[in-house]
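The values are calculated or read from the model by the stated rules, or taken from the named source; none is laboratory data. Quick caveat, the model's predicted, so the values are computed rather than measured. For neighbour counting, all protein chains shown are included, and Cβ atoms are generated from backbone atoms with ideal geometry for every residue, glycine included. Note: areas computed on protein heavy atoms with side chains; ligands, DNA, RNA excluded. Shrake-Rupley method; radii C 1.70, N 1.55, O 1.52, S 1.80 Å.
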Amino acid sequence: MGWVIRKREHGNIVFIDLRTVKEPWNPLQIVIKKEKIREETWRNLKKITRESSLLVEGELVENPRAPRGIELYARNIDITHIAETPYPLGKKSHPPEVLMQWRHLAIRSNRYTKIWVIRDHLLRLAREYFMVNNWYEVSPPIIVSTAVEGGATLFEIKYFDNSKAYLSQSAQLYLEVMVFSLGKVWSLTPSFRAEKSRTRRHLAEYWHLEAEAAWYRFKDNLRVQEELISYIIQGLLKNPVTRHIIEEFRGNIEHLEEIKPPFKRISYDEAIDILQQHNVDIRWGDDIGADEEKVLSEEIGQPFFLTHFPSHLKPFYVKLDPKGPETCLAADLLAPEGYGEIIGGSEREDNIDILVDRIRKEGFDPEAYSWYLDLRRYGSVPHSGFGLGVERLIWWILKLDHIRDTIPFPRLARVKKFI
Ligand code: ATP
Ligand code: MN
């Protein structure tokens, strides 16, 4: 069962490359010899166009020169549908705007099919990691009443008659709630960010893999992250299918093969030093943005944690460093090769007075967070967690140019028409 990618006619023999349901990422060569099939079927072959759908019956034969090492010698061909011509994406390459406009067809290309296979396996491995290590998967809401990451990127929605709600930017606060029921929890949900800047790493809707655990301190949190990332990457390299795809996209996989815990830890202070040595105009207290991350990420050459940011750069829920409140117990995990942040995480503030104070300083009303503050009133525990951007991870593993290629239906500020 499959779709025609290409048809080549050579007199009494016709070759068709088929994108099959069984191994969609790996086209199967169909060999059709005139003398082997019914006359009517042979005549119908003429009509077969690109993207026509077929049921082919025949014999699988080994052929080391065929793309798959095997090919199918057809005995019978049943045409399910003859695709209209010309196929809108007929030519070999297209600019990104055209691929976006025809996204519903572009997603079938061999390149995209391979990316979806990686995406699928990556998510399976992530889920497997949490299952094996006894974390509970939970289902937080998407329609929420409070901001987590600051108002600038909030999507507001009308909630029934007169009330306002938002699309979730992060499940974190809800995972913090669930910790009190299940101890170690994780979730995979869409997160929404009205990102106005055009970058190659921001989507307006992305898949967020978040985890939160009771009694986990700052260091425990980093351990989970480096284990999870290593588990996913090693799993992808162990499977011959995903290994092959990654090899094809990256050129080589040596770099990924070396990835195992522990990852390097670099403090914000050290990062500022490194950046200044690279003549970046930055001072203590400044944010480390995408450009600075790129410098660090290329310099370090492996995934690493950037730790102990100045407190004013991180949200109210991040625990202040007991060694001095100028810095906080937050860490970002940065991918190498210039890719930058793929995870943001921290130990959470468990001191209710500090929390109220910081909520006020961010310009929010503590009243709106009373439910969150209750978590510090009834059985408060130290706890930590993190959020991984699924698309950021795929983007880096496959060394893609733009994050829009990691998800079938990307939402981007500048593309206002979409399916
Ligand atoms: P950035 O500084 O890159 O905008 P952030 O600090 O806003 O990231 P967090 O709020 O910590 O990110 O979100 C956790 C993770 O979610 C990030 O590490 C990243 O992997 C991912 N992420 C955040 N925003 C986006 C986005 N707009 N598109 C895709 N992934 C995102
Ligand atoms: Mn952001």
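So for the range 265-281 (the condition being among the aliphatic types (A, V, I, L, M), part of a loop (DSSP other than H, G, I, E, B) and open to solvent by 10 Å² or more (accessible area, probe 1.4 Å)), does at least one residue qualify? Looking through the range 265-281, at least one residue is among the aliphatic types (A, V, I, L, M), part of a loop (DSSP other than H, G, I, E, B) and open to solvent by 10 Å² or more (accessible area, probe 1.4 Å).
Looking only at residues in the range 175-193 that are under 16 Å from Leu375 (Cα atoms) and surrounded by 22 or more Cβ atoms within 10 Å (Cβ to Cβ), which one is nearest to ligand 2 (Cβ to nearest atom)? Looking at residues that are under 16 Å from Leu375 (Cα atoms) and surrounded by 22 or more Cβ atoms within 10 Å (Cβ to Cβ), I get Leu175. The criterion of at least 3 residues that are within 13 Å of ligand 1 (Cβ to nearest atom) is met by the following strands (runs of 3 or more DSSP E) wholly inside the range 129-210: 184-192. Check the range 107-125 and report whether any residue there is in a loop (DSSP other than H, G, I, E, B), away from ligand 2 (no atom under 16 Å from the Cβ) and loosely packed, with under 13 Cβ neighbours inside 10 Å. Scanning the range 107-125 turns up no residue that is in a loop (DSSP other than H, G, I, E, B), away from ligand 2 (no atom under 16 Å from the Cβ) and loosely packed, with under 13 Cβ neighbours inside 10 Å.
Among the residues making up the range 28-44, a single one is open to solvent by less than 80 Å² (accessible area, probe 1.4 Å), part of a helix (DSSP H, G or I) and touching a Lys or Arg at 6+ places or on another chain (Cβ under 8 Å): Trp42.
When the range 282-316 is filtered for residues that are of a type in the set (Val, Ile, Thr) and in a helix (DSSP H, G or I), the ones remaining, listed by number, are Val295, Ile300.
Taken as a whole, the range 93-116 holds no residue that is of a type in the set (Ser, Thr, Tyr) and farther than 30 Å from Leu237 by Cα. Scanning the range 82-101 for residues that are open to solvent by less than 80 Å² (accessible area, probe 1.4 Å) and not in a helix (DSSP H, G or I) turns up Ile82, Ala83, Tyr87, Pro88, Leu89, Gly90, His94, Pro95.
Among the residues of the range 126-143, those identified as more than 19 Å from the chain's Cα centre (by Cα) and either modelled with pLDDT under 95 or surrounded by fewer than 16 Cβ atoms within 10 Å (Cβ to Cβ) (or both) are Met131, Val132, Asn133, Asn134, Tyr136, Pro141, Ile143. Answer yes or no: is there a residue in the range 298-321 that is modelled with pLDDT under 95, of a type in the set (Val, Ile, Thr) and surrounded by 13 or more Cβ atoms within 10 Å (Cβ to Cβ). So far as the range 298-321 goes, yes, one or more of its residues are modelled with pLDDT under 95, of a type in the set (Val, Ile, Thr) and surrounded by 13 or more Cβ atoms within 10 Å (Cβ to Cβ). Of the residues Trp395, Trp371, the single one that is crowded, with 22+ Cβ neighbours inside 10 Å, of a type outside the set (Asp, Glu) and not in a strand (DSSP E or B) is Trp395. Give the residue, chosen from Arg358, Arg348, that is more than 30 Å from Leu400 (Cβ to Cβ), within 14 Å of ligand 1 (Cβ to nearest atom) and open to solvent by less than 40 Å² (accessible area, probe 1.4 Å). The conditions single out Arg348.
Candidates Thr153, Thr146, Thr199: the one that is open to solvent by 40 Å² or more (accessible area, probe 1.4 Å) and at pLDDT below 95 is Thr199. For the range 1-27, name all the residues that are in a strand (DSSP E or B), β-branched (Val, Ile, Thr) and surrounded by fewer than 18 Cβ atoms within 10 Å (Cβ to Cβ). Ile5, Ile13, listed by residue number.
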